[in-house]
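Structure first, then comments.
The values are calculated or read from the model by the stated rules, or taken from the named source; none is laboratory data. Bear in mind the structure is a predicted one, so any value in this text is a computation, not a measurement. A quick note on method: Cβ atoms are made from the backbone with ideal geometry, for glycine too, and the neighbour counts reach across all protein chains shown. Protein only, heavy atoms only, side chains kept; ligands, DNA and RNA dropped before computing areas. Shrake-Rupley method; radii C 1.70, N 1.55, O 1.52, S 1.80 Å.
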Amino acid sequence: TWCPGCGYFSMAEGFTVALKRHSIAPEDVVVVSGIGCASRFPFFVNAYGFHTLHGRVLPVATGVKQANDALNVVAVGGDGDAFAIGGGHIPHAARRNVDITYLVFDNGVYGLTKGQTSPTSVLGFKTPTSPYENGDQPLNPLMMLLAYRASFVAQAYAGHSHHLTDMIAEAMAHRGFSYVHILSPCVTFDKTTRTYSNLDMLVRDLPKDHDASSLTAAMAEATKTDHPPLGVLYREQRPTLGDVMAETIRKAKAGS
């Protein structure tokens, strides 16, 4: 299903290790996916899975969590599924602070449909549908999620599997909307830009004195796309959508 060398394998392993680290039983987990290479993710996990429509991961995941708050709900998608057709759902899941984890595997290309440019493709990237180089400015997902006020924003890299596992585990432990942006090379359709050899030289750890409670500090780091920072950029605690709904119900009952 995934090409040999694809970073998705390290993500699947990191996710299962994170579940074990938190002693979460498979029957207490629901993994929701959309369309693209990332959509195969539930097939690799011994838990409940929902392979839904293109770009509709977050509405479904939100519905699952609202229906059964006891479940650990994890949404997965690629850069195309998340930031093209599904981009309109992210701001609202983030601002409502839905208590789910969203793992986005960013390889900067539409891998499943044979290598077209995606919303995060770098400038100058040549593909079968952009033979004269990509001229579209890539999105900055970290800046977007921070601006949308996601209560947990982190970045990891498929080539650093142990750190990736840590980020997934921390995201799942966070109460609220937790977002992990995962840089993952497409070994089949991108052999020039976002490769393992290139990313190995570019990625860096966040400074040891980085203040994850500061939105300003997080945004400053998110702008440094030439050397992507790895770690938890931002974290805050605030009421979740479930908390707000429970309070709404309480008020309605009190007024009846």
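Overview of values
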item	result
Residue satisfying condition, being of a type in the set (A, V, I, L, M), under 17 Å from the mean Cα position of the chain (by Cα) and crowded, with 19+ Cβ neighbours inside 10 Å, within set 218, 173	218
When residues of region 90-117 are limited to those that are in a loop (DSSP other than H, G, I, E, B) and among the β-branched types (Val, Ile, Thr), the one surrounded by the fewest Cβ atoms within 10 Å (Cβ to Cβ)	113
Complete set of residues in region 25-51 that are over 10 Å from residue 81 (Cβ atoms) and among the hydroxyl-bearing types (Ser, Thr, Tyr)	48
So residue 81, is it open to solvent by 10 Å² or more (accessible area, probe 1.4 Å) and either in a strand (DSSP E or B) or in contact (Cβ under 8 Å) with a residue 24 or more places away in the chain (or both)	no
Residue that is buried (at least 18 other Cβ atoms within 10 Å of the Cβ) and more than 24 Å from residue 9 (Cβ to Cβ), where the choices are 152, 125	152
Subset tally (residues that are in contact (Cβ under 8 Å) with a residue 40 or more places away in the chain and either open to solvent by 50 Å² or more (accessible area, probe 1.4 Å) or among the acidic types (Asp, Glu) (or both)) for region 67-78	2
Single match in 122, 104, 109 (criterion: under 21 Å from residue 158 (Cβ atoms), hydrophobic (A, V, I, L, M, F, W, C) and within 12 Å of the chain's Cα centre (by Cα))	104
Criterion (surrounded by fewer than 15 Cβ atoms within 10 Å (Cβ to Cβ) and among the β-branched types (Val, Ile, Thr)) met by exactly one of 193, 188, 240, 225	225
Any hit, region 5-16, residues being open to solvent by 10 Å² or more (accessible area, probe 1.4 Å), in contact (Cβ under 8 Å) with a residue 60 or more places away in the chain and among the hydroxyl-bearing types (Ser, Thr, Tyr)	yes
Candidate set: region 155-170, residues that are touching a strand residue (DSSP E or B) at 6+ places or on another chain (Cβ under 7 Å) and assigned to a helix (DSSP H, G or I); chosen: the one most open to solvent (accessible area, probe 1.4 Å)	170
Hey, residue 206 touching a Lys or Arg at 6+ places or on another chain (Cβ under 8 Å) and at pLDDT 95 or above or not	no
Candidate set from region 34-51 (those that are within 21 Å of residue 117 (Cα to Cα) and in contact with a helix residue (DSSP H, G or I) (Cβ under 7 Å, 6 or more places away or on another chain)); member that is surrounded by the most Cβ atoms within 10 Å (Cβ to Cβ)	38
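Conditions tested, residue by residue: (1) charged (D, E, K, R); (2) farther than 20 Å from residue 143 by Cβ.
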| position | (1), (2) |
| --- | --- |
| 166 | yes, yes |
| 179 | no, no |
| 190 | yes, yes |
| 207 | no, no |
| 218 | no, no |
| 230 | no, no |
| 236 | yes, no |
